[in-house]
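Asks: Dropping a structure here in structure tokens format, bear with me for questions.
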Amino acid sequence: MNGRIVHVIGAGVAGLSAAVRLVEAGLSVVVHEATRAAGGRCRSYYDQSLDLVIDNGNHLLLSGNHAALDYLGRIGSREKLDGPRSAAFDFADVRSGQRWRLRPNEGRVPWWLLDRRRRAPGTRVSEYFAPLGLLTAASTATVADAMSCTGPLYERLWRPVLLAGLNTDPREGSAALAAALLRETLAAGGRACRPLIAREGLSPTFVDPAVAFLKRGNATIRFGERLRAIRFDGARAAGLEFEAGSEILSDDDALVVAVPPGAAQDLLPGLEAPDGFRAIVNAHFRMAPPPGQPPILGVVNGLTEWLFAFPEHLSATISAADRLIDRPREELAAEIWREAAGLNGLPADIPPWQIVKEKRATFAATPAQNAKRPPSRTRWENIALAGDWTRTGLPATIEGAVRSGYKAASIIVGMRASAPRAGIATGVSP
């Protein structure tokens, strides 16, 4: 490949979204991925024990996730998302057997709170305004510092929503990140809260179309190519050292580093990054969902937190699951299935199952860890960072990953536009 080249290190959603915008801006792009498949923590794979293609984790988008939806639109897969026509969230209580559906209205003025049939049972209207304290909390404040973390509504709405979004116990989670999450979803009204699921799987929706888009744009994607080191010449990256060999960078070449935080610190000396993490546990069961099963079911007072219904299997997600990492997989599968079967009238005998434990699924969304997130712009003239762990203003989500990729691409395009020999327009916005 001749001419100016941008090397994107890592083919997760952050790296792919950066590469897509760079190709659109007319740059030559090479994506280097250490593994044999793209997607990172957002991917699908064939599981032999289930004889099914499943996702490594369950990811939910909301209609207010504008960057993620924009990304899917650019790669031509937005229509692969499925969800209700309006915002609706089904919940079930394992302990009491009670069920309810929250139904926010479309606009920002929350008149739906006046209708008890649209609220969680046993809750008062005033409880729904408890998170207002998050909006003015200090950057060092936790959710518990800014709002009450007790009561029926906390257990039936705020805890499940914030726990899923932060992947950290809300009581120790960052009030600033919780505020950002709510500001763009529930506080924006039902039109921003419509749940969307990748029915065909994560890879067919977020990954494979992006790879196809990049190839159509003459980008090069190299799998099984792990970057071991970056060679520097003053304030610039001058060379890349891969396991299989090295590559010299020209004065015009640039680099997007879109790898996990620990790997980024190994590559970039002196980089501060989050070093505390939280686990996620997913359980997959080969059992077709019963008729009437909602696509997403929030579960309270149980081990399960969210139950996803796919055409051929049921899948449960448990966030902030560090306490479960060392627990035997057979015990986890049995307990989660008991809950799922009891909630849905399914046979007690456990079907074929798989447990997926992600020990370092996301950075811990605490105030201390949030303060360690670096900006996309680095101290090196030709390097930008991407990843949901960078300073996106959001927790570690697909939306944050895409925004980070867009931001990194914007920085690189700006570098090219300001260089004397660049000669291209800055066609990428953060």
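Read-outs: derived from the displayed coordinates by stated rules, not from any lab. Because the structure is a prediction, the values reported are computed rather than measured. Cβ sites come from the backbone with ideal geometry, for glycine too, and all protein chains shown count toward neighbours.
Asks: Thinking of the chain as a set of Cα atoms, what percent of all their pairs are more than 36 Å apart? Intermediate values should be presented prior to the final figure.
Replies: On the way: 25285 of 92235 pairs.
Roughly 27 percent, rounded to a whole number.
Asks: Which peptide among 348-356, 32-40 comes first, and what is the full order, when sorted by highest mean count of other Cβ atoms within 10 Å?
Replies: 32-40, 348-356
Asks: To continue, here is another question. Below 19 Å, Cα to Cα, which lysines can Lys372 reach? Residues fewer than 8 away in the same chain don't count.
Replies: List returned: Lys407.
Asks: Sort 385-395, 310-320 for me by packing, meaning the mean count of neighbouring Cβ atoms within 10 Å per residue, highest on top. Write out the running numbers ahead of the final one.
Replies: Numbers: 385-395: 26.0, 310-320: 20.8.
My ranking of the peptides, most packed first, is 385-395, 310-320.
Asks: If you average the alpha carbon positions of the range 82-150 and of the range 163-212, how far apart do those two centres end up, in angstrom?
Replies: Cα centroid of the range 82-150 versus Cα centroid of the range 163-212: 16 Å apart.
Asks: Within the set of other residues whose C-beta is less than 11 Å from the C-beta of Arg278, count the net charge using Lys and Arg as +1 and Asp and Glu as -1. Numbers along the way, then the final one.
Replies: Details: positive: Arg323, Lys359, Arg360; negative: Asp169, Glu172, Asp322, Glu358.
Overall, the nearby charge balance is -1.
Asks: As a test of understanding, state the convex hull volume per residue of the range 27-164 from its alpha carbons, in Å³.
Replies: 226
Asks: What does the helix-only formula give at 222 nm for the chain: each DSSP H stretch with n ≥ 4 adding -39500 (n - 2.57), the total divided by the residues, and the result rounded to the nearest 500 deg cm²/dmol? Show your work: numbers first, answer last.
Replies: Values: 10 runs with 100 residues, N = 430.
After summing the helix terms and dividing by the residues of the chain, the value is -7000 deg cm²/dmol.
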